[in-house]
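No value in this document is a laboratory result; all are computed from the given coordinates. Model, not experiment: these values are computed from the prediction. Heads up, the Cβs are rebuilt from the backbone with ideal geometry, glycines too, and the neighbour counts pull from every protein chain shown.
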Amino acid sequence: MRVRTKTPASITEGVIWKNMLLFFLPILLGTFFQQLYNTADAIIVGNFVGKEALAAVGGASGTLINLLVGFFVGMAGGATVIIAQYYGAQDHKNMQLAVHTAIAFAIVGGIVLTIIGLLFSGTALRLMGTPDDVYPMARTYMMIYFAGMIPNLIYNIGSGILRAVGDSKRPLYFLIVGCLVNIVLDLLFVGVFRWDVLGVAFATILSQTVSAVLVWIVLVRTPAAYRLELSKLRMHRATLARIIRIGLPAGLQSAMYSISNVLVQASINSFGTNVMAAWTAFGKLDGMLWMVMGAFGITVATFSGQNFGAGQYDRMRKSIRTGLVMASIASLLISLFYILFGRKALMLFLSDETTISYGLTVLMIFVPFYVTYVPIEVFSGACRSAGDSLRPMLLTAFGVCVVRLVWLATAVQIWHRLEVLAACYPITWILTAILFTIYYLRGNWFRRNLPKKEAEN
């Protein structure tokens, strides 16, 4: 029998919807400012440099960056899950091991990503068919961006640690500071110094470094059980093995989305610079949905993880249902906003009428189906919170990656039109949502991860 203990974040007791909302809002604002990083880059580049630079910053290079960074952050998500479980169970010893292993992993992962980015950026962009007028700027941006991978991962993983213990406010504060630094440096480097894409890249990595330093200071100075001590900074074998067991499938799941996006981006490149710029511009608007869904995913995973660790399984299930309802309402409101004001939103990034029309085409195909993505994010986070990440990865691999590849290889080749290409997203969302819903309702993800004594009862 487990002893129930109150956590400082009040995740394991209190009114669920209210506590989830209070936890969710700082994460949402944080992801908003994270998105603002890229949006500010896009607006400043699009207005001061041109559509080629916009395509370079947000198109092919952005897709490849998301692929590699998303994989490592997904891997580290395994640490976030087990830290939340240990925190809910008040297992401070193992939580300490997980914190130090996660930060050590961030440093090593950052070094690996830097090397990969510096060596293979150009080759990857060529393989994606990046147009000649975009390639030089895209390569420059990628190489500089990857040079700042260590602080990037330290911030992301450090913030994950704070959220795992119920602290969603300080990661928000650090992102606000980083975002403001990024905007100021963008205006200085691009608007004043005219460094173009080079300036955008430097502004981004410098601002990320500021955020990383802030989260590092908090982890080092906190008196709580998750305190980071430099003398203990190493990857502990048993803890790392558990992080990898949970995190590797999560990293691969994140990579599945990015891999499919890389292949889609390669198809987009075949339509020319105007379509590339339109797709990039809409991507900034589309990021609003992923920002909100990601925040709900983190919220559900944290609430589920802590309550699972504390043995409060009914409360865990209620948290998942509450998150599902809240995320669905949010997705419908976002859809309505873009249907009404999508054109005006695109005009923030684009001035050419032809390019705007391409962006509107994509928008009207994506937006009505946003709500179908909700079960994927919520149920995937719920499964991972209990330690089940392999099967959600397999579902994602099939529904998002395999089916999307088949669509690109068949339908898009037969009908080489932007509308046909864009349709692969809602089609795969619907299919994957059905698969996740069936898997969640069957309940095997929960039963197989129960402690042995409780599973036998």
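Extending 7 Å from Cα along the Cβ direction at Asp352 and again at Ala411 yields two label points whose distance is 2.7 nm. Normalising the average separation of contacting C-alpha pairs (under 8 angstrom, six or more residues apart) by the number of residues puts the relative contact order of region 16-450 at 24 percent. Per-residue 3J(HN,Hα) values for region 200-214, derived from phi via the Karplus relation 6.51 cos²θ - 1.76 cosθ + 1.60 with θ = phi - 60°, read 4, 4, 5, 4, 5, 6, 5, 5, 5, 5, 4, 4, 5, 4, 5 Hz in sequence order (x marks Gly and Pro).
Each of Gln90 and Thr123 was given a label point 7 Å from its Cα along the Cα-to-Cβ line. The distance between the two points is 5.4 nm. All other residues whose Cβ lies under 13 angstrom from that of Thr31 are scored, Lys and Arg at +1 and Asp and Glu at -1, for a net of 0. Couplings 3J(HN,Hα) for region 317-327, derived from phi with the Karplus relation 6.51 cos²θ - 1.76 cosθ + 1.60 (θ = phi - 60°), are 5, 4, 4, 5, 5, 4, x, 5, 5, 5, 5 Hz, where x marks Gly and Pro. If I compute Cα Rg over 2.2 N^0.38 Å from the structure I just sent, which labelled value in (1) 1.13; (2) 0.95; (3) 1.24 lines up? Recomputing Cα Rg over 2.2 N^0.38 Å here gives the entry labelled (2). The label-point distance for Lys318 and Ile111, in a model that sets each label 7 Å from Cα toward Cβ, rounds to 4.8 nm. Counting beta carbons within 10 Å around each of Thr437, Thr372, Thr396, Thr354 and listing the fewest first gives the order Thr354, Thr437, Thr372, Thr396.
Taking other C-beta atoms within 10 angstrom as a stand-in for reagent exposure, Leu187, Leu363 fall in the order Leu187, Leu363, fewest first. Taking other residues whose beta carbon is less than 9 angstrom from the beta carbon of Asn444, and scoring Lys, Arg as +1 and Asp, Glu as -1, yields +3. Sorted largest first, the spans of the alpha carbon positions of region 114-255 along the three principal axes are 52, 34, 25 Å.
Taking region 383-417 and a reference point 7 angstrom along Cα→Cβ of Ala238, no backbone N atom is nearer than 16 Å. Local charge for Leu97 was computed over the other residues whose Cβ lies under 13 Å away, with Lys and Arg +1 and Asp and Glu -1, and equals +4. Our estimate of slack between Leu22 and Leu187, defined as 0.36 nm per intervening residue step minus the Cα-Cα distance, is 56.0 nm.
Quick check: the angle from helix 135-147's long axis to the longest principal axis of the chain, C-alpha only, nearest 10 degrees? Here the helix axis deviates by roughly 20 degrees.
Looking at the chain, which longest stretch skips every one of the GluC sites (Glu not before Pro) that is in a DSSP loop with at most 16 other Cβ atoms within 10 Å, leaving the sites themselves out? It would help to have the intermediate numbers written out before the result.
Values: sites that count: Glu13, Glu229.
Result for the longest clean stretch: 230-457.
Counting helices only, and only those DSSP H runs with n ≥ 4, report the 222 nm mean residue ellipticity of the chain as the sum of -39,500 (n - 2.57) divided by its residues, in deg cm²/dmol to the nearest 500. The helix-only estimate for the chain comes to -26500 deg cm²/dmol at 222 nm. Ordering Leu175, Met95, Ile205 by the projection of their Cα atoms onto the charge dipole of region 16-450, which places +1 on the Cβ of Lys and Arg and -1 on the Cβ of Asp and Glu, puts Met95 at the extreme positive end.
For the chain, which longest stretch is free of loop sites, where a loop site is one of the trypsin sites (Lys or Arg not before Pro) that DSSP puts outside H, G, I, E and B and that has at most 13 other Cβ atoms within 10 Å? The segment 7-193 is the longest one with no such site. The 3J(HN,Hα) values that the Karplus relation (6.51, -1.76, 1.60; θ = phi - 60°) gives for region 404-419 are, in residue order, 5, 5, 4, 5, 5, 7, 10, 4, 5, 6, 6, 10, 7, 10, 4, 4 Hz. Gly and Pro appear as x. Taking the longest Cα principal axis of the chain as reference, the axis of helix 149-164 is set at about 40 degrees. Relative to the longest principal Cα axis of the chain, at what angle does helix 353-366 sit, 0 to 90 degrees, rounded to 10? For 353-366 against the chain, the angle is about 30 degrees. At q = 0.17 Å⁻¹ the log10 of I(q)/I(0) for region 12-140 amounts to -1.03, computed by Debye summation with a single uniform scatterer per C-alpha, solvent ignored.
The magnitude of the dipole of the chain, with charges of +1 and -1 set on the Cβ of Lys/Arg and Asp/Glu and taken from the Cα centre, is near 1780 debye.
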